[in-house]
Amino acid sequence: TLLFSESFETDGQSTRYTATLPFNDGPNDHWNRTDGSDIANSSSAYSGQDGMFHWAAEDTDRGGSISPLQSIEFGGISIVGFQNLQFTGLFAADGFSSGTHRFDADDYIKVQFSVDGGPFSDGLSFRAAGPVSQQLRQDTDFDDVGDGTALTSAFQSFGFSIPNGSTLALKIEVQMNAGAEEIAFDLLEVGGSVV
């Protein structure tokens, strides 16, 4: 049973989700919902997204004028009476410029979850595979180094299990503090089976 789904086809700011202030200061400086027409990746446009719109980010400190840490939160998801809860989402990254990957040790995407108002825990993490100019990869052991599947400009599905409870909140944190550090996500879902 599908309990939650967000694919950004309409603007849900302050109704379905709360994001730190979305912005687009140009094709290489953004944190916002987009159909791709107002952003420009370094090597390849995103492909495989759900519908027309997705959420994308690059240079999330607005050229050094604000904190690079941005987040989007989805709260109040009822999970009462369900078990075997599973989050899935589509994730992508480009960041390939001048013959090299652009992600560094301080760049990341995290998907976090909170059950019944408890503290947020990491469910998914994507980090650079090394300290400087690397691909963004899944951090399977949460040690802040990407060691798993590499993100590409083609959206891929990733997921994790969620403990049982009554209410669920999800949060995605993103930090990309330079141009050519390009990420996107789409079709975030939570499903479960009836107890």
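Only one entry in Gly26, Gly48 is at positive phi and open to solvent by 50 Å² or more (accessible area, probe 1.4 Å), namely Gly48. Among residues of region 103-114 that are surrounded by 22 or more Cβ atoms within 10 Å (Cβ to Cβ), those with a Cβ under 7 angstrom from a residue that is part of a loop (DSSP other than H, G, I, E, B) and of a type in the set (D, E, K, R), sequence gap 6+ or separate chain, pair up as Phe103/Glu181; Asp107/Glu181. Only one residue in Phe155, Phe113, Phe87, Phe91 is closer than 21 Å to Asn24 by Cα and among the aromatic types (Phe, Trp, Tyr). Which one? It is Phe91. Going by the structure shown, is Ala184 in contact (Cβ under 8 Å) with a residue 24 or more places away in the chain, part of a loop (DSSP other than H, G, I, E, B) and small (Gly, Ala, Ser)? No; evaluated as a whole, the condition is false for this residue. Of Thr100, Thr88, all but one fail to be more than 22 Å from Asp38 (Cα to Cα) and either more than 12 Å from the chain's Cα centre (by Cα) or buried (at least 18 other Cβ atoms within 10 Å of the Cβ) (or both); the exception is Thr100. A Cβ distance below 6 Å, combined with a sequence gap of six or more or placement on separate chains, defines the contacts here; from region 88-102, residues that are modelled with pLDDT of 95 or more reach residues that are of a type in the set (A, V, I, L, M) and in a strand (DSSP E or B) in the pairs Gly89/Leu188; Leu90/Leu187; Ala92/Ala184; Ala93/Leu136; Ala93/Ile183. Taking region 128-143 as the range and being within 16 Å of the chain's Cα centre (by Cα) and open to solvent by less than 20 Å² (accessible area, probe 1.4 Å) as the test, the residues that pass are Ala128, Leu136, Asp139. Being over 18 Å from Ile162 (Cβ atoms), open to solvent by 40 Å² or more (accessible area, probe 1.4 Å) and out of contact with any Gly (no Cβ under 9 Å at 6 or more places or on another chain): is that true of Gly75 here? When the stated conditions are applied, Gly75 does not pass them.
So which residues in region 144-195 are touching an Asp or Glu at 6+ places or on another chain (Cβ under 9 Å), farther than 20 Å from Tyr46 by Cα, open to solvent by less than 30 Å² (accessible area, probe 1.4 Å) and aliphatic (A, V, I, L, M)? Matches in region 144-195: Leu168, Ala169, Leu170.
The values are calculated or read from the model by the stated rules, or taken from the named source; none is laboratory data. Note that the structure is a prediction, hence the values are computed from the model and not measured. Don't worry about glycine lacking a Cβ; one is built from the backbone with ideal geometry, like all the others, and counts go over all protein chains shown. Note: areas computed on protein heavy atoms with side chains; ligands, DNA, RNA excluded. Shrake-Rupley method; radii C 1.70, N 1.55, O 1.52, S 1.80 Å.
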